[in-house]
Amino acid sequence: MKDPDALAAEVRQGSRAAIGRAITLVESTRADHRELAAELLDRLDPHAAQARRIGITGVPGVGKSTFIDGFGSLLTAQGHRVAVIAVDPSSARSGGSILGDKTRMARLANDPHAFIRPAPTAGSLGGVARATRSSMTVLAAGGYDVLLVETVGVGQSETTVAQLTDSFLVLTLARTGDSLQGIKKGALELADVVAVNKADGPHEADARAAARELSGTMRLLGPDDTGWIAPVLTCSGMNDTGLGEVWTALEGHLAHLRRAGALDERHRRQRVEAMWAGVRDDLDRRLREHAEVRELATDLEARVRAGELSSAHAADQLVERFLNT
């Protein structure tokens with residue numbers, strides 16, 4: 001492993017190989033790697049502030065990968081360098097597949113101005129968030145000025161990605177009831193821009209009707225704390241239609257944040273949240289690796305399963321053992 005100064009210099013020169021090695025390092029949970037990763041990120045962080053960070057979510061089947069393939073290609077054609085981070089915390093069994101991500105985004109996978117990377121999938125959302133945040137720093141310092149963070153679109157991963165990015169794009173479909181599901185899950189409450197995808201062929205009229213309905217929903221939800229109400233658009237990732245309008249809406253959101261003085265505050269809050277997320281992740285890792293805690297945990301887990309001990313009491317005992325040894 002190169003020393004942090006040498007690796008940081010290669011990353012800043014835009015070396016794809018160095019960027020890949022740096023991301024592997026910052027994703028690692030090994031104690032010696034964590035120390036090197038922290039030094040590397042200290043060197044890269046001052047050069048990562050200008051990148052545009054956009055989270056993208058939507059229920060399975062909404063066409064996220066096809067949309068991102070077309071959307072990212074549109075941006076590289078405009079002169080941007082685009083990186084895609086695919087986050088799927090639910091696939092801990094398979095561990096994810098970079099080949100799968102590249103197959104689903106064939107144009108971007110062959111675009112010299114694009115970089116596709118899956119986030120680590122095993123472990124807690126806190127660990128995924130730490131690795132994703134660090135990967136974004138590496139990619140931004142490496143010259144990628146638009147970072148697209150794709151989430152699987154279920155559960156807490158949406159909130160996690162929204163907290164890591166500047167703008168959050170929610171993709172939906174016509175005739176699926178997604179608007180109601182989105183409100184229940186909180187996805188629409190996180191949205192800065194909503195796009196009804198697959199607005200092509202016989203589905204175009206349905207998509208436009210769904211967009212009008214969702215626009216009313218967004219007005220009912222009201223503005224966020226910066227005064228922004230998410231616009232609702234239609235697009236087709238398959239036919240590359242409406243993608244420019246989606247980009248314009250996202251740029252409009254960024255301009256709004258700057259006018260409201262909210263962008264810098266959002267970045268400051270994200271840095272502090274990253275610090276505490278790192279604390280929680282590190283404490284959780286150390287507790288689980290602690291020999292005496294692991295030995296005690298085996299007995300306590302058996303007693304909790306048998307109903308002989310409450311989970312709260314067992315948790316207290318584990319923390320006490322960790323703090324007193």
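Quick one: Arg133 ticks every box in (1) on the phi < 0 side of the Ramachandran plot; (2) modelled with pLDDT of 85 or more; (3) more than 10 Å from the chain's Cα centre (by Cα) except a single one, so which number is it? Evaluating Arg133 over (1) on the phi < 0 side of the Ramachandran plot; (2) modelled with pLDDT of 85 or more; (3) more than 10 Å from the chain's Cα centre (by Cα) leaves (3) as the failure.
For Thr24, state whether it is modelled with pLDDT under 95, of a type outside the set (Asp, Glu) and either in a helix (DSSP H, G or I) or open to solvent by 70 Å² or more (accessible area, probe 1.4 Å) (or both). Yes.
Scanning the stretch 43-55 for residues that are open to solvent by 70 Å² or more (accessible area, probe 1.4 Å), part of a helix (DSSP H, G or I) and out of contact with any Pro (no Cβ under 8 Å at 6 or more places or on another chain) turns up Asp45, Pro46, His47.
Among the residues of the stretch 206-217 satisfying the criterion of being touching a strand residue (DSSP E or B) at 6+ places or on another chain (Cβ under 6 Å) and not small (Gly, Ala, Ser), which is least open to solvent (accessible area, probe 1.4 Å)? Give the derivation first.
Restricting attention to the stretch 206-217, the residues satisfying the condition of being touching a strand residue (DSSP E or B) at 6+ places or on another chain (Cβ under 6 Å) are 207-208, 210-211, 214-215.
Pick out the ones that are also not small (Gly, Ala, Ser) and you get 208, 214.
Working: Arg208: 113, Leu214: 8 Å².
Only one residue tops the list, namely Leu214.
Within the stretch 224-247, the residues that satisfy the criterion of being touching a strand residue (DSSP E or B) at 6+ places or on another chain (Cβ under 9 Å) and among the polar types (S, T, N, Q) are Thr234, Thr241. Of all residues in the stretch 286-314 being closer than 25 Å to Ala31 by Cα and of a type in the set (Gly, Ala, Ser), which is most open to solvent (accessible area, probe 1.4 Å)? The selected residue is Ala291. Contact map, the stretch 199-218: first residue in contact (Cβ under 8 Å) with a residue 24 or more places away in the chain, second residue surrounded by fewer than 17 Cβ atoms within 10 Å (Cβ to Cβ) and assigned to a helix (DSSP H, G or I), Cβ cut-off under 8 Å, separation 6 or more or different chains; pairs are Ala199/Arg208; Thr217/Ile183. Contact list please: Cβ distance under 6 Å, first residue in the stretch 42-56 and over 19 Å from Leu257 (Cα atoms) and acidic (Asp, Glu), second residue open to solvent by 80 Å² or more (accessible area, probe 1.4 Å) and not in a helix (DSSP H, G or I), pairs at least six apart or on different chains. From the stretch 42-56, no pairs qualify. Of the helices (runs of 4 or more DSSP H) that lie entirely inside the stretch 226-325, those containing 1 or more residues that are touching a residue at least 40 places away in the same chain (Cβ under 8 Å) span 243-259, 262-289. With respect to (1) open to solvent by less than 50 Å² (accessible area, probe 1.4 Å); (2) in contact with a Ser or Thr (Cβ under 6 Å, 6 or more places away or on another chain); (3) at pLDDT below 95, the lone exception for Ala37 is condition (2). Taken together, the residues in the stretch 187-205 that are assigned to a helix (DSSP H, G or I), within 15 Å of Leu171 (Cβ to Cβ) and either open to solvent by less than 70 Å² (accessible area, probe 1.4 Å) or modelled with pLDDT of 90 or more (or both) amount to 3. When Arg93 is tested against the conditions (1) modelled with pLDDT of 95 or more; (2) over 27 Å from Glu189 (Cα atoms); (3) open to solvent by 10 Å² or more (accessible area, probe 1.4 Å), the lone failure is (1). Scanning the stretch 56-83 for residues that are open to solvent by 10 Å² or more (accessible area, probe 1.4 Å) and either within 19 Å of the chain's Cα centre (by Cα) or charged (D, E, K, R) (or both) yields Val59, Pro60, Gly61, Gly63, Lys64, Ser65, Thr66, Asp69, Arg81.
The values are calculated or read from the model by the stated rules, or taken from the named source; none is laboratory data. All values derive from a computational prediction rather than experimental measurement. Glycine gets a Cβ as well: all are built from the backbone with ideal geometry, and neighbour counts include every protein chain shown. Remember, those area values only see protein heavy atoms, side chains included, never the ligands or the DNA or RNA. Shrake-Rupley method; radii C 1.70, N 1.55, O 1.52, S 1.80 Å.
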